[in-house]
1. Would you point out the residue of region 26-52, among those that are outside any strand (DSSP E or B) and over 20 Å from Lys13 (Cα atoms), that is farthest from the chain's Cα centre (by Cα)?
2. Looking at Ala60, Ala64, can you tell me which residue is under 10 Å from the mean Cα position of the chain (by Cα), over 19 Å from Glu81 (Cβ atoms) and open to solvent by less than 50 Å² (accessible area, probe 1.4 Å)?
3. Please verify whether Gly70 is in a loop (DSSP other than H, G, I, E, B) and touching a Gly at 6+ places or on another chain (Cβ under 8 Å), treating the condition exactly as stated.
4. For Thr45, only one of the following conditions fails: (1) open to solvent by 30 Å² or more (accessible area, probe 1.4 Å); (2) out of contact with any Asp or Glu (no Cβ under 8 Å at 6 or more places or on another chain); (3) modelled with pLDDT of 90 or more. What is its number?
5. For region 6-30, name all the residues that are loosely packed, with under 14 Cβ neighbours inside 10 Å and within 14 Å of Ser43 (Cβ to Cβ).
6. Does any residue in region 44-62 that is touching a residue at least 12 places away in the same chain (Cβ under 8 Å) come within less than 7 Å, Cβ to Cβ, of a residue that is of a type in the set (Ser, Thr, Tyr) and surrounded by fewer than 13 Cβ atoms within 10 Å (Cβ to Cβ) six or more places away or on a different chain, and which pairs are these?
Amino acid sequence: MTVSRNDILERLKSVAGPDGSGNIVDLGLVSEPIVKEGRVYISITVPADRAAGLEGMRLAAEQAVLGLPGVDTVNAVLTAEATAGTAGRNG
């Protein structure tokens with residue numbers, strides 16, 4: 001059984017946003033999930049300065065999707081937003 005994009009997004013709505021309000025889907029933090037042969041890949045965009053403190057949110061997203069039929073593994077990553085004008089700067 002192949003899991004659908006909608007199934008994944010519905011499960012991710014159970015994961016609270018970075019400030020504990022709303023959920024990561026409705027807040028627009030989740031990129032399009034990728035599903036390949038029972039593996040699900042999710043990218044969650046967070047503010048760069050808060051990424052280290054949001055590991056629990058990332059783990060909660062993995063656990064929420066892992067319970068879906070047809071899902072063998074889930075890899076959720078936190079993608080930090082770059083501050084405007086900092087891309088490509090060295091140190």
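1. The initial filter retains those residues of region 26-52 that are outside any strand (DSSP E or B), namely 26-29, 31-33, 37-38, 48-52.
Now drop any that are not over 20 Å from Lys13 (Cα atoms), which leaves 37-38, 48-50, 52.
Values: Glu37: 19, Gly38: 17, Ala48: 14, Asp49: 17, Arg50: 14, Ala52: 14 Å.
Per the criteria, the residue is Glu37.
2. Values: Ala64 fails: under 10 Å from the mean Cα position of the chain (by Cα).
The match here is Ala60.
3. Numbers: in a loop (DSSP other than H, G, I, E, B): yes; touching a Gly at 6+ places or on another chain (Cβ under 8 Å): yes.
Considered against the rule, which asks whether it is in a loop (DSSP other than H, G, I, E, B) and touching a Gly at 6+ places or on another chain (Cβ under 8 Å), Gly70 comes out as yes.
4. Among (1) open to solvent by 30 Å² or more (accessible area, probe 1.4 Å); (2) out of contact with any Asp or Glu (no Cβ under 8 Å at 6 or more places or on another chain); (3) modelled with pLDDT of 90 or more, the lone unmet condition for Thr45 is (2).
5. The one that is loosely packed, with under 14 Cβ neighbours inside 10 Å and within 14 Å of Ser43 (Cβ to Cβ): Gly28.
6. Pairs found: Ala48/Thr83.
The values are calculated or read from the model by the stated rules, or taken from the named source; none is laboratory data. This is a predicted model, so every value here is computed, not measured. A quick note on method: Cβ atoms are made from the backbone with ideal geometry, for glycine too, and the neighbour counts reach across all protein chains shown. Side chains included, ligands, DNA and RNA excluded: accessible areas come from the protein's heavy atoms. Shrake-Rupley method; radii C 1.70, N 1.55, O 1.52, S 1.80 Å.
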